[in-house]
Number of protein chains: 4
Amino acid sequence: MQFRLRCELQYDIATPTTVILNVEAQRGGRQSILGEAFTVEPQVQSEEYEVPETGNRYRRMLLQPGRYSVWYTAEIESTPTTRSIGSIPQVPIVELPFDVMNHLYPSRYCQSDKLARFAWRQFGEIGDGYEKVTAICNWIYENVDYLEGSSDSSTSAYDTFTLRAGVCRDFAHLGITFARALGIPARFVSAYALDLVPQDFHAVFEAYLGGQWYLFDATRLCPLEGILKIAVGRDAADSAFLTFFGQLSGPPKLIRVERLNTSQTTQWTTEPVSLSAI
Amino acid sequence: MQFRLRCELQYDIATPTTVILNVEAQRGGRQSILGEAFTVEPQVQSEEYEVPETGNRYRRMLLQPGRYSVWYTAEIESTPTTRSIGSIPQVPIVELPFDVMNHLYPSRYCQSDKLARFAWRQFGEIGDGYEKVTAICNWIYENVDYLEGSSDSSTSAYDTFTLRAGVCRDFAHLGITFARALGIPARFVSAYALDLVPQDFHAVFEAYLGGQWYLFDATRLCPLEGILKIAVGRDAADSAFLTFFGQLSGPPKLIRVERLNTSQTTQWTTEPVSLSAI
Amino acid sequence: MQFRLRCELQYDIATPTTVILNVEAQRGGRQSILGEAFTVEPQVQSEEYEVPETGNRYRRMLLQPGRYSVWYTAEIESTPTTRSIGSIPQVPIVELPFDVMNHLYPSRYCQSDKLARFAWRQFGEIGDGYEKVTAICNWIYENVDYLEGSSDSSTSAYDTFTLRAGVCRDFAHLGITFARALGIPARFVSAYALDLVPQDFHAVFEAYLGGQWYLFDATRLCPLEGILKIAVGRDAADSAFLTFFGQLSGPPKLIRVERLNTSQTTQWTTEPVSLSAI
Amino acid sequence: MQFRLRCELQYDIATPTTVILNVEAQRGGRQSILGEAFTVEPQVQSEEYEVPETGNRYRRMLLQPGRYSVWYTAEIESTPTTRSIGSIPQVPIVELPFDVMNHLYPSRYCQSDKLARFAWRQFGEIGDGYEKVTAICNWIYENVDYLEGSSDSSTSAYDTFTLRAGVCRDFAHLGITFARALGIPARFVSAYALDLVPQDFHAVFEAYLGGQWYLFDATRLCPLEGILKIAVGRDAADSAFLTFFGQLSGPPKLIRVERLNTSQTTQWTTEPVSLSAI
């Protein structure tokens, strides 16, 4: 499937400010960039860095006071793999690749140590692997209200579990937290997403099952095949689309994600979806 | 300087349990292993992994029910570099190596986002680089009571800041938190330490200054040259000496760290100390 | 029913310390003191105060350094009323006595504001009045592990809800929190309790229903008719059996509660129980 | 001094909602009502209750769906007492009136148990009584930013201490917390206040010293003699100007407080001010 996406940001800078943007789509795994453009106006020098281990792409620049506009546009081919449910077991911890184990530990927004007792009581006996993580997502969908404005940048899974309201980022954090508590590596995914209303950046998560990372979205807001990965990380703390050091303000971002070459209506899958290379 | 260290652990395993030990000293940077032995009795198969990026050394094994004894002994040559104060500036964020930037983000035990306002008020105007991080350590030493039993494995810097009591791990978390809040990359260091009373694992932290990682210990419990690094990480969540999945109990660990070939009393330095390669 | 109870406390005082004890049983409502004695050795002057609104009985004394023993013994007649379930509705807020309304507000250990969304989702549709509070107690019993040592004096209902473990005090706090969130006044009750193993002070709660305070115990550890009230309050913050200002230590307290004149085995009720006057 | 005050509220009610208003000024102590009017339009039946122990005045009504306007206007004579500093000592706990002791305990927004170590370290050695509470207020003023929008209705003193930003209610909660931690009874005061910009309800606190309640305002936003008490309580949880059970929305409230009969500029006192009866 092919997608066209567009992201427009505008910033007013009051003092010299270092800005790190992470809005460019990943180009590894099952996601290829057909074409893309990243523009800042007025023009500034920027430094690019693609993390070898994750594929995250950072753009760093030092902005002097003034108003800046940033555009990122891309055409992307995504060829997610799908597999039939039931065949994707949890990997015993003793067999996990060592570089995946980092995703078992609690992190800033995912205090899996604190929610372990609940996770075992609620999900300990339910299925295995993909089925268990699906049960986690169902529980979140049924027990947490999706409510704009109910959380902020300091809200963690611990809070969301108690307050029972949040947005996509909070849903992802809670899913990651339960998975880790049960011994399943899980990581945060920031993404562009088809059919998200209103259009915005999206946050979902991946769990490592059967030797591969699979996508999960407890919000049920868009089809998994329409997820275009920007960054992966332990949680939103290290996967933000914008990090800045200085002073910055601006109007809301504008995001647009469209599908290309679609003559017929697609039947979206309900089967496991992965964007991993293999 | 040469050291001999010994670590004895004993575990009673009730159900099949995956154990990951991270007790072996690092062998990169300015720390060389002259000799070492890692023994488990009864003998079990174990898998070793040394993380390329950090030098952390993991030992993973699946233990069947029973009683196990673990010994790790090593002779280590440490040649820390020292430098004169004042010459070590904070690196502007726009010039930081990208792989160091991860250590600017808040983590499970180091909510630098929540303590930013305090950090800027308290330390914003104090010196630069090494001087600023030293001011952080002094503040912690003067404002937090070192008190065994005052914290547990869920205690974070946010709690320690309010409760004003903690142990070495809490002191390190608070130092890391303030440094990150001020734009200085900082990471957790688990270590063996000379002259620690009572002898135990120790926790300190490193801050990235002037292009290198420098050691800091807000507890003032032992000389910086007597620190022998085991693991580095974002915080104690990913740098534990023991992680297990299953059921495990046991008597207290026994640690012993001695200095070798010491005919004269050493004058410990008060200058910046680094164990980094360059 | 008649009970004999005995409470032995021993304190070592290091500096002049003001001690407020609240161990004497209430003597209002459906609880009469047949005889009692309160002794401190060595003898000290103490001041008594019985709160008109609650019946709580305080004993305040200034202790000079030394070792003190405190005994409280009493014979008590308790004549709780029982009523058949289903007939006890929630009182509309507009009809609540004003002096009961204080027990609708969140307090130190009962953050009913933070758990309101969950409470309404979980219990909003279940029954009315007594039935609803019973559903709350059942949920706590089924979802929280009773585990000595899993909480401390700073643990609140917010923590217990997430950690899913606690002791009697935590069970009471969580019950109070849910009830208040649903508009039902609820208060903390510290008590002596028959058949509690091991014998100790107990904590339960009362909810205001149908114009009267009814007892609830989510721990299911002892019969409601065996509850002998010491103090009521918003939560454990203002209902402690011991409050002191200074330095105090001592061995564990000894509590003993026995039933008198019992020739036959009692069939404990499962019906609503109240110790209120009317 | 005489004041005229006016409070206008407007509410849109969607479902039958019980509303409890606490906007009428206290009429005991050193505050007399010269004239007042409370009006709701359209007219509804309301029930009044003045708490004997505190003087708080509640107005309770059941509102059916619709739009309501509420006006409260009053002319008030306030004759606060002032005393010279230094003569107001802390009351030893063993001598406190028992009905004041409730204000020593931690409450929903004032976790004095958690901030005790800091309070003793910071204020333990500073002065006595009034001087100590003044030091608390100075510390808050100097260390916490007054920042609209930095807190919400769930923000407690524990949060404010760490985040270092808040509004009047948070400043009052922090002052109460430190005072209680040091053994000084303290309570929350909601008030009308002269010269507050923008005009709004205000929150300050009272500490019990030398046998009387004294006013403190760590925000320094208005003169203490211009404080007109509405309610006192343990904290904002039981002293809100509005509590409702149901659904309610509406535009911002309008408050106006003016001084009457003022021909000359007043020199506001910096001395202790009390509105207590004696």
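Pull up the stretch C:21-34, narrow it to residues that are among the hydrophobic types (A, V, I, L, M, F, W, C), in a strand (DSSP E or B) and within 19 Å of the chain's Cα centre (by Cα), then point me to the one that is surrounded by the fewest Cβ atoms within 10 Å (Cβ to Cβ). Working first, answer last.
Step one: of the stretch C:21-34, the residues among the hydrophobic types (A, V, I, L, M, F, W, C) are C:21, C:23, C:25, C:33-34.
Then drop every residue that is not in a strand (DSSP E or B), which leaves C:21, C:33-34.
This time we only want the ones that are within 19 Å of the chain's Cα centre (by Cα), so: C:21, C:33.
Values: C:Leu21: 23, C:Ile33: 14.
So, considering only residues that are among the hydrophobic types (A, V, I, L, M, F, W, C), in a strand (DSSP E or B) and within 19 Å of the chain's Cα centre (by Cα), the one surrounded by the fewest Cβ atoms within 10 Å (Cβ to Cβ) is C:Ile33.
Which of the following residues is closer than 21 Å to B:Gly233 by Cα and under 20 Å from the mean Cα position of the chain (by Cα): B:Leu115, B:Leu104, B:Leu96? Before you say what the answer is, go through the steps one by one.
Numbers: B:Leu115 fails: under 20 Å from the mean Cα position of the chain (by Cα); B:Leu96 fails: under 20 Å from the mean Cα position of the chain (by Cα).
Selected residue: B:Leu104, the only one of B:Leu115, B:Leu104, B:Leu96 that is closer than 21 Å to B:Gly233 by Cα and under 20 Å from the mean Cα position of the chain (by Cα).
Going through D:Asp195, D:Asp200, D:Asp159, D:Asp145 one at a time, which residue ends up being within 14 Å of chain C (Cβ to nearest Cβ) and acidic (Asp, Glu)?
Working: D:Asp195 fails: within 14 Å of chain C (Cβ to nearest Cβ); D:Asp200 fails: within 14 Å of chain C (Cβ to nearest Cβ); D:Asp145 fails: within 14 Å of chain C (Cβ to nearest Cβ).
Sole residue among the options that is within 14 Å of chain C (Cβ to nearest Cβ) and acidic (Asp, Glu): D:Asp159.
For the stretch A:9-23, what are the residues that are more than 14 Å from chain B (Cβ to nearest Cβ) and farther than 15 Å from A:Gln247 by Cα?
Applying the first criterion (more than 14 Å from chain B (Cβ to nearest Cβ)) to the stretch A:9-23 yields A:9-12, A:14, A:23.
Listed by number, the residues that qualify are A:Leu9, A:Val23.
So which of D:Thr160, D:Thr134 is more than 23 Å from D:Gln90 (Cα to Cα) and assigned to a helix (DSSP H, G or I)? Walk me through how you get there before you give the answer.
Numbers: D:Thr134 fails: more than 23 Å from D:Gln90 (Cα to Cα).
Of the residues listed, the single one that is more than 23 Å from D:Gln90 (Cα to Cα) and assigned to a helix (DSSP H, G or I) is D:Thr160.
Which condition from (1) at pLDDT 95 or above; (2) more than 19 Å from D:Ile184 (Cα to Cα); (3) within 14 Å of chain C (Cβ to nearest Cβ) is the one that D:Pro92 breaks?
Only one criterion is unmet by D:Pro92, namely (2).
When residues of the stretch D:106-127 are filtered for being more than 10 Å from chain B (Cβ to nearest Cβ), part of a loop (DSSP other than H, G, I, E, B) and surrounded by 19 or more Cβ atoms within 10 Å (Cβ to Cβ), how many remain?
4
Output the residues belonging to the stretch C:202-249 that are over 24 Å from C:Trp139 (Cβ atoms) and part of a strand (DSSP E or B).
Hits for the stretch C:202-249 are C:Leu228, C:Lys229, C:Ile230, C:Ala231, C:Leu242, C:Thr243, C:Phe244, C:Phe245, C:Leu248, C:Ser249.
Being surrounded by 13 or more Cβ atoms within 10 Å (Cβ to Cβ), outside any loop (DSSP other than H, G, I, E, B), under 21 Å from the mean Cα position of the chain (by Cα) and modelled with pLDDT of 95 or more narrows it down to one of B:Thr73, B:Thr18, so name that one. Steps first, answer last, please.
Working: B:Thr18 fails: under 21 Å from the mean Cα position of the chain (by Cα).
None of the other options fit; the residue is B:Thr73.
Within the set of pairs 6 or more residues apart or between chains, which connect a residue that is farther than 18 Å from D:Gln267 by Cβ inside the stretch D:207-225 to a residue that is in a loop (DSSP other than H, G, I, E, B) and polar (S, T, N, Q) with Cβ atoms less than 7 Å apart?
Cβ pairs passing all conditions: D:Leu209/D:Gln90; D:Gln212/D:Ser276; D:Trp213/D:Ser276.
Just to verify a result, which residue in the stretch C:35-51, among those that are part of a loop (DSSP other than H, G, I, E, B) and within 26 Å of the chain's Cα centre (by Cα), is farthest from the other protein chains (Cβ to nearest Cβ)? Reasoning before the result, please.
Within the stretch C:35-51, the subset part of a loop (DSSP other than H, G, I, E, B) is C:42-46, C:51.
Next, from what is left, pick out any that are within 26 Å of the chain's Cα centre (by Cα): C:46, C:51.
Working: C:Ser46: 10, C:Val51: 7 Å.
Step by step, filter the stretch C:35-51, then rank; the result is C:Ser46.
List pairs: first in the stretch B:36-51 and farther than 19 Å from B:Gln10 by Cα, second acidic (Asp, Glu) and surrounded by 11 or more Cβ atoms within 10 Å (Cβ to Cβ), Cβ under 6 Å, 6+ apart or cross-chain?
Cβ pairs passing all conditions: none.
For the list (1) surrounded by fewer than 18 Cβ atoms within 10 Å (Cβ to Cβ); (2) in contact with a helix residue (DSSP H, G or I) (Cβ under 6 Å, 6 or more places away or on another chain), I need the number of the one condition that B:Pro272 fails.
Against the list (1) surrounded by fewer than 18 Cβ atoms within 10 Å (Cβ to Cβ); (2) in contact with a helix residue (DSSP H, G or I) (Cβ under 6 Å, 6 or more places away or on another chain), B:Pro272 comes up short only on (1).
Exactly one condition in (1) touching a residue at least 60 places away in the same chain (Cβ under 8 Å); (2) in a loop (DSSP other than H, G, I, E, B) is not met by A:Gln199; state its number.
In the conditions (1) touching a residue at least 60 places away in the same chain (Cβ under 8 Å); (2) in a loop (DSSP other than H, G, I, E, B), A:Gln199 misses (1) alone.
Taking the condition of being out of contact with any Gly (no Cβ under 9 Å at 6 or more places or on another chain) and surrounded by 14 or more Cβ atoms within 10 Å (Cβ to Cβ), how many residues in the stretch D:51-61 meet it?
We begin by selecting, within the stretch D:51-61, every residue out of contact with any Gly (no Cβ under 9 Å at 6 or more places or on another chain); these are D:51-53, D:57-61.
Filter once more, so that each one left must be surrounded by 14 or more Cβ atoms within 10 Å (Cβ to Cβ): D:51, D:57-61.
Looking only at that region, the number is 6.
Scan the stretch D:163-171 and tell me whether some residue there is assigned to a helix (DSSP H, G or I), within 14 Å of chain B (Cβ to nearest Cβ), under 29 Å from D:Tyr72 (Cα atoms) and modelled with pLDDT of 95 or more.
Yes.
Is at least one residue of the stretch D:27-34 within 14 Å of chain C (Cβ to nearest Cβ) and among the β-branched types (Val, Ile, Thr)?
No.
Considering every residue within the stretch C:151-159, establish whether at least one is more than 17 Å from C:Thr270 (Cβ to Cβ), out of contact with any Lys or Arg (no Cβ under 9 Å at 6 or more places or on another chain) and β-branched (Val, Ile, Thr).
No: zero hits.
Out of all the residues in the stretch A:1-15, which are closer than 19 Å to B:Val94 by Cβ and either part of a loop (DSSP other than H, G, I, E, B) or not assigned by TED's automatic domain parsing to the domain that holds A:Ala74 (or both)?
If the condition is that a residue be closer than 19 Å to B:Val94 by Cβ and either part of a loop (DSSP other than H, G, I, E, B) or not assigned by TED's automatic domain parsing to the domain that holds A:Ala74 (or both), then A:Ala14, A:Thr15 are the ones that fit.
Failed condition for B:Asp235, given (1) over 30 Å from B:Tyr11 (Cα atoms); (2) acidic (Asp, Glu); (3) in contact with a Lys or Arg (Cβ under 9 Å, 6 or more places away or on another chain), with all others met?
Evaluating B:Asp235 over (1) over 30 Å from B:Tyr11 (Cα atoms); (2) acidic (Asp, Glu); (3) in contact with a Lys or Arg (Cβ under 9 Å, 6 or more places away or on another chain) leaves (1) as the failure.
Could you check D:Leu62 against (1) assigned to a strand (DSSP E or B); (2) closer than 21 Å to C:Pro106 by Cα; (3) within 9 Å of another protein chain (Cβ to nearest Cβ); (4) of a type outside the set (Asp, Glu) and say which number it fails?
D:Leu62 satisfies every listed condition except (2).
Any idea which of (1) in contact (Cβ under 8 Å) with a residue 40 or more places away in the chain; (2) in contact with a helix residue (DSSP H, G or I) (Cβ under 7 Å, 6 or more places away or on another chain) is the one D:Ser190 doesn't satisfy?
In the conditions (1) in contact (Cβ under 8 Å) with a residue 40 or more places away in the chain; (2) in contact with a helix residue (DSSP H, G or I) (Cβ under 7 Å, 6 or more places away or on another chain), D:Ser190 misses (2) alone.
Restricting to the stretch B:221-237, name every residue that is closer than 10 Å to B:Tyr109 by Cβ and not hydrophobic (A, V, I, L, M, F, W, C).
Taking the stretch B:221-237 as the starting set, the residues that turn out to be closer than 10 Å to B:Tyr109 by Cβ are B:234-237.
B:Arg234, B:Asp235 - these are the residues of the stretch B:221-237 that are closer than 10 Å to B:Tyr109 by Cβ and not hydrophobic (A, V, I, L, M, F, W, C).
Only one residue in C:Ala135, C:Ala181 is buried (at least 17 other Cβ atoms within 10 Å of the Cβ) and of a type in the set (Gly, Ala, Ser), so which one is that? If you could, list the steps in order and put the result at the bottom.
Working: C:Ala135 fails: buried (at least 17 other Cβ atoms within 10 Å of the Cβ).
Step by step, each of C:Ala135, C:Ala181 is checked, and only C:Ala181 is buried (at least 17 other Cβ atoms within 10 Å of the Cβ) and of a type in the set (Gly, Ala, Ser).
Being within 14 Å of another protein chain (Cβ to nearest Cβ), of a type outside the set (A, V, I, L, M, F, W, C) and either in contact (Cβ under 8 Å) with a residue 12 or more places away in the chain or in contact with a Pro (Cβ under 6 Å, 6 or more places away or on another chain) (or both) is true for just one of A:Thr134, A:Thr79, A:Thr54. Which residue is that?
Numbers: A:Thr134 fails: within 14 Å of another protein chain (Cβ to nearest Cβ); A:Thr79 fails: within 14 Å of another protein chain (Cβ to nearest Cβ).
The conditions single out A:Thr54.
Test C:Thr177 against the stated conditions and say whether it is within 25 Å of D:Arg117 (Cβ to Cβ), touching a helix residue (DSSP H, G or I) at 6+ places or on another chain (Cβ under 7 Å) and within 14 Å of chain A (Cβ to nearest Cβ). So that I can check it myself, show each step before the final result.
On the way: within 25 Å of D:Arg117 (Cβ to Cβ): no; touching a helix residue (DSSP H, G or I) at 6+ places or on another chain (Cβ under 7 Å): yes; within 14 Å of chain A (Cβ to nearest Cβ): yes.
For C:Thr177, the condition - within 25 Å of D:Arg117 (Cβ to Cβ), touching a helix residue (DSSP H, G or I) at 6+ places or on another chain (Cβ under 7 Å) and within 14 Å of chain A (Cβ to nearest Cβ) - is not met.
The values are calculated or read from the model by the stated rules, or taken from the named source; none is laboratory data. This one's a predicted model, so the numbers in the text were calculated from it and none came from an experiment. Because the Cβ atoms are built from the backbone with ideal geometry, glycine has one as well, and the counts that use them run over all protein chains shown.
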